[in-house]
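The values are calculated or read from the model by the stated rules, or taken from the named source; none is laboratory data. Bear in mind that the values here come from a model prediction, so they are computed numbers and not experimental data. Here Cβ is always computed from backbone atoms with ideal geometry, including for glycine, and neighbour counts include all displayed protein chains.
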Amino acid sequence: MGFQPSMEMKHDYPDRSVQLHVHTMRDFSGEVHALEGQALEWVSVGVGSVGVGSVGELRELDFLQGNQAMIEKLELERMQQNNK
């Protein structure tokens with residue numbers, strides 16, 4: 001499997017704090033399994049090429065506020081890849 005740590009972020013909610021450890025998956029084969037009962041789905045980041053903005057499946061999902069920085073970073077990485 002080709003994955004690497006991408007970022008760590010902390011977010012404070014009124015009743016708790018969470019720390020997210022985000023990894024970027026570059027290569028995968030086989031079948032994924034959600035081992036803790038959570039929902040699991042592959043989605044596209046959906047950022048288009050230069051001058052073209054595409055929302056993509058990721059932005060259509062309902063995320064908690066603490067995940068917004070992760071989504072923005074993924075979109076930025078995708079835009080940078082598309083501009084190479």
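The table that follows gives values for the structure above.
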read-out: Residue selected from the range 51-84 under the condition more than 17 Å from H21 (Cβ to Cβ) and of a type in the set (V, I, T), by the criterion modelled with the lowest pLDDT; value: V52
read-out: Subset of the range 6-50 that is of a type in the set (S, T, N, Q) and at pLDDT 80 or above - its residue that is surrounded by the most Cβ atoms within 10 Å (Cβ to Cβ); value: S6
